[in-house]
Amino acid sequence: MFRRLQSVHLVFFARLSKKLVKSVLTAKITDYMTMLRGPVLAWLEGIKVFMNPSVLFVDDDPEIFSSIVSTLNGYARHWSLNFVHSGLAALNHLSNQPADVVVLDGHLSGMSGLELCRAIRGTPGWERTQVVMLAGPKDHALKLKALESGATDILIKPIDPQELLARISSALRLKECQDELHIRNLHLEQLVRIRTREVEYSRLEIVLTLSRAAEQHDSDTCTHTLRVGYYSKLIAAGLGLDEAYQMSIQLASPLHDIGKIGISRTMLNKPGAFTPEERFRMEHHCEIGKNILSTPEVLPGLMSEITGLDHFESSSFLELAADISHQHHERWDGTGYPQGLKGHEIQLSARIVAVAEVFDALTSIRPYMRAFSVDESLHLITEDSGKHFDPAVVEAFLNVSAEARRFCEEFRETCEFVMAA
């Protein structure tokens, strides 16, 4: 029987992974692609180190062009030199062949040098292109506006050949440094993404392990905890909560009954009604769950001492799970347990899980209760709106009930198989 239960559990995990952990597992696969993408991007960027630096000259004065060509004649082997006569032609050229440095005249006809400079700075992918602007000796306003527009350097006309070479060489060195920094940042960003996903994946494994441990102790609920997670996510989506919250509550809600680990198996699987003493002990599982998931008061100080960090905060995920475990049996009208909280005194997460948990309990076979149909279950939940449940949460659940019905009908047979075993 136990091996059969394990097999069904594994089958359920395999099927449910498409829904419960889709974003995490998809991200995990994506990370392997990212691990390849990062080095490939860096390699492509690195190729530029071995290519001739590209310099684009933009000027509509033939004499200036002639002077520049004459000055740079000996550098044609080392630099890729290109010449265009207008701002629009420069933008078209850069779209097809990015340049490391753009040397442009501030007094271009048509699109001005300032407009071209701003266009270069405002185009994604050209942020590291260095701009050297040519200006007259009395163009004080132009020089100031050029720097404000993002120009790297200003070169005063008439152009001194040696100064031109020095300014271009300096701009190329700056571009090279920025490219190297960009490559390093690419590596760091990919590394952070991968490490973050590994943490998320590890957290998911812990959640599944803990919820499975609770289910082994209370085997009649089968994969109840994971289904509650999925329904909770649906309700959160119906309430218009963001995707991060949806994922958090989907992962945290399977731990809502973790406190049952502290309740005897005999009591959990008792087919008849509980005595008052047994009821009291059973209700204590909420407190047990909160204690398991809450951060001990001494832990932040201990972790600060171990890690050397001045400040250590407990996990917001565990705080969410602790709230759910502690309050998911509270009732909207204040007649629930363990604290008798009422209305919005109850955490939203617990109000969501209360609906999700009852819906799954109603539609599942238990030793003490038959399984209700989806329609019967929705009707019972609707009748308890404003009494047991938050009316807004019930309304949100009804809005997503079509998906809840599909999911329930797909996975209900798993538990029926186990109960029949």
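The values are calculated or read from the model by the stated rules, or taken from the named source; none is laboratory data. On a predicted model such as this, the values are computed, not experimentally measured, just so you know. All Cβ positions, glycine included, derive from the backbone under ideal geometry; neighbour counts span all protein chains shown. With ligands, DNA and RNA removed, areas are computed over all heavy atoms of the protein, side chains included. Shrake-Rupley method; radii C 1.70, N 1.55, O 1.52, S 1.80 Å.
Miscellaneous remarks
- The stretch 153-259, accessible area per residue, ligands and nucleic acids excluded (1.4 Å, Å²): 44
- For the stretch 227-299, the percent of C-alpha pairs falling in each 10 Å distance bin, counted from 0 to the bin holding the largest distance, reads 18, 33, 31, 17, 1.
- Taking label positions 7 Å along the Cα-Cβ direction at both Glu403 and Leu380, the computed distance is 2.4 nm, reported to one decimal.
- Backbone amide hydrogens, once placed in the peptide plane, bring Thr363 within less than 5 Å of Phe372, excluding anything fewer than 5 places away on its chain.
- Amide H contacts of Leu155: Met133, Leu134, Ala135, each under 5 Å away and 5 or more positions distant or on a separate chain (H built 1.01 Å from N in the peptide plane; Pro and chain starts excluded).
- Of the chymotrypsin sites (Phe, Trp or Tyr not before Pro) found in the stretch 336-398, those in coil by DSSP whose Cβ has at most 12 other Cβ atoms within 10 Å are Tyr368.
- Share of carbon and sulfur in the accessible heavy-atom surface of the stretch 328-377 [1.4 Å probe, %]: 50
- Contour minus Cα-Cα distance for Glu410 and Lys387 (0.36 nm per residue): 5.3 nm
- Shown is the FRET efficiency for Met267 and Tyr201, computed with R0 = 35 Å from the Cβ-Cβ distance and rounded to the nearest 0.05: 0.50.
- Among 230-242, 134-146, 109-121, the order from most to least packed when residues are scored by Cβ within 10 Å on average: 230-242, 109-121, 134-146
- Within the accessible surface of the stretch 171-269, defined with a 1.4 Å probe on protein heavy atoms only, the carbon and sulfur portion equals 57 percent.
- When you count the other C-beta atoms within 10 angstrom of each residue and take the mean per peptide, 349-357, 377-385 line up highest first as 349-357, 377-385.
- When the stretch 89-190 is reduced to its Cα atoms, the Kirkwood hydrodynamic radius in Å: 14.3
- Checking the Cα-Cα distances for Lys233/Lys270; Lys138/Lys175; Lys145/Lys175 against a 24 Å cut-off, the pairs over it are Lys233/Lys270; Lys138/Lys175.
- Packing, taken as the mean count of other beta carbons within 10 Å per residue, orders the peptides 266-275, 168-177, 61-70 from highest to lowest as 168-177, 61-70, 266-275.
- Karplus 3J(HN,Hα) series, Hz, for the stretch 227-242 with 6.51 cos²θ - 1.76 cosθ + 1.60 (x for Gly, Pro): 5, 4, x, 5, 5, 5, 5, 4, 5, 4, 5, x, 7, x, 6, 5
- Distant-in-sequence amide H partners of Ser264 (H built 1.01 Å from N, under 5 Å): none
- 3J(HN,Hα) from dihedral phi, the stretch 166-179, Karplus parametrisation 6.51/-1.76/1.60, rounded to Hz, x for glycine, proline: 5, 5, 5, 4, 5, 5, 5, 5, 5, 4, 4, 5, 5, 5
- Paramagnetic reach from Glu148 in the stretch 111-125 [backbone N under 19 Å; point 7 Å along Cα→Cβ]: 112-122
- ³J(HN,Hα) computed for each position of the stretch 155-163 - Karplus, 6.51 cos²θ - 1.76 cosθ + 1.60, integer Hz, glycine/proline x: 10, 8, 8, x, 6, 8, x, 5, 5
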